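The values are calculated or read from the model by the stated rules, or taken from the named source; none is laboratory data. All values derive from a computational prediction rather than experimental measurement. FYI the Cβ positions are ideal-geometry reconstructions off the backbone, even for glycines, and counts take in every protein chain you see.
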Amino acid sequence: MIKARLLENEDYPTLVNWWEDNRFTPPGFDYLPQVNGILQGIMVVDGDKEICAGFIINTTVPKGAMIEYIVANFEIKDRKLRTESLNLLINTMSDVCKKMEKSFLFTSLKNQGLKKRFQDCGYVMGSTGTCEMIKTL
């Protein structure tokens, strides 16, 4: 049975492997959302098998938050399990944000499959044709 749990700092090496398997440059630990040094996100598991994870970024916008760095275990090939797990992840993060009294969530996506998962969970398309700009200070 799949279930969601809070991310733990010990999950970071697993996430790095998943990002690399999915051809995404892993963000450094210090670039990920944390409170008091503890990662802020959700991991979905099926028994002892870790399936996918994502992060909640609590912004300075009082009623808004971001959901980012969604990643799935590349070795999980069962499409139904992946779909159910990603939907559980997105819905759990949405529920957590609702309990934080957030009234809107934002994410930035490129992966078409992940876009479909978000749409299935009630998200609507905002802008299209944009790019992310990043500057390292």
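Every residue in the stretch 8-27 that is farther than 11 Å from V71 by Cβ, part of a loop (DSSP other than H, G, I, E, B) and either at pLDDT 95 or above or in contact with a strand residue (DSSP E or B) (Cβ under 8 Å, 6 or more places away or on another chain) (or both), please. The one that is farther than 11 Å from V71 by Cβ, part of a loop (DSSP other than H, G, I, E, B) and either at pLDDT 95 or above or in contact with a strand residue (DSSP E or B) (Cβ under 8 Å, 6 or more places away or on another chain) (or both): E8.
So, of the residues in the stretch 84-121 that are under 11 Å from the mean Cα position of the chain (by Cα) and small (G, A, S), which turns out to be surrounded by the most Cβ atoms within 10 Å (Cβ to Cβ)? The residue in question is S94.
Only one of the numbered conditions (1) within 21 Å of Y12 (Cα to Cα); (2) surrounded by 13 or more Cβ atoms within 10 Å (Cβ to Cβ); (3) aliphatic (A, V, I, L, M) is not met by L81, and that is (1).
G37 - would you say it is more than 15 Å from the chain's Cα centre (by Cα) and over 23 Å from C121 (Cβ atoms)? So G37 fits the description; yes. Screening E10 on (1) more than 27 Å from G129 (Cα to Cα); (2) among the acidic types (D, E); (3) in contact with a Ser or Thr (Cβ under 8 Å, 6 or more places away or on another chain) shows it passes everything except condition (3).
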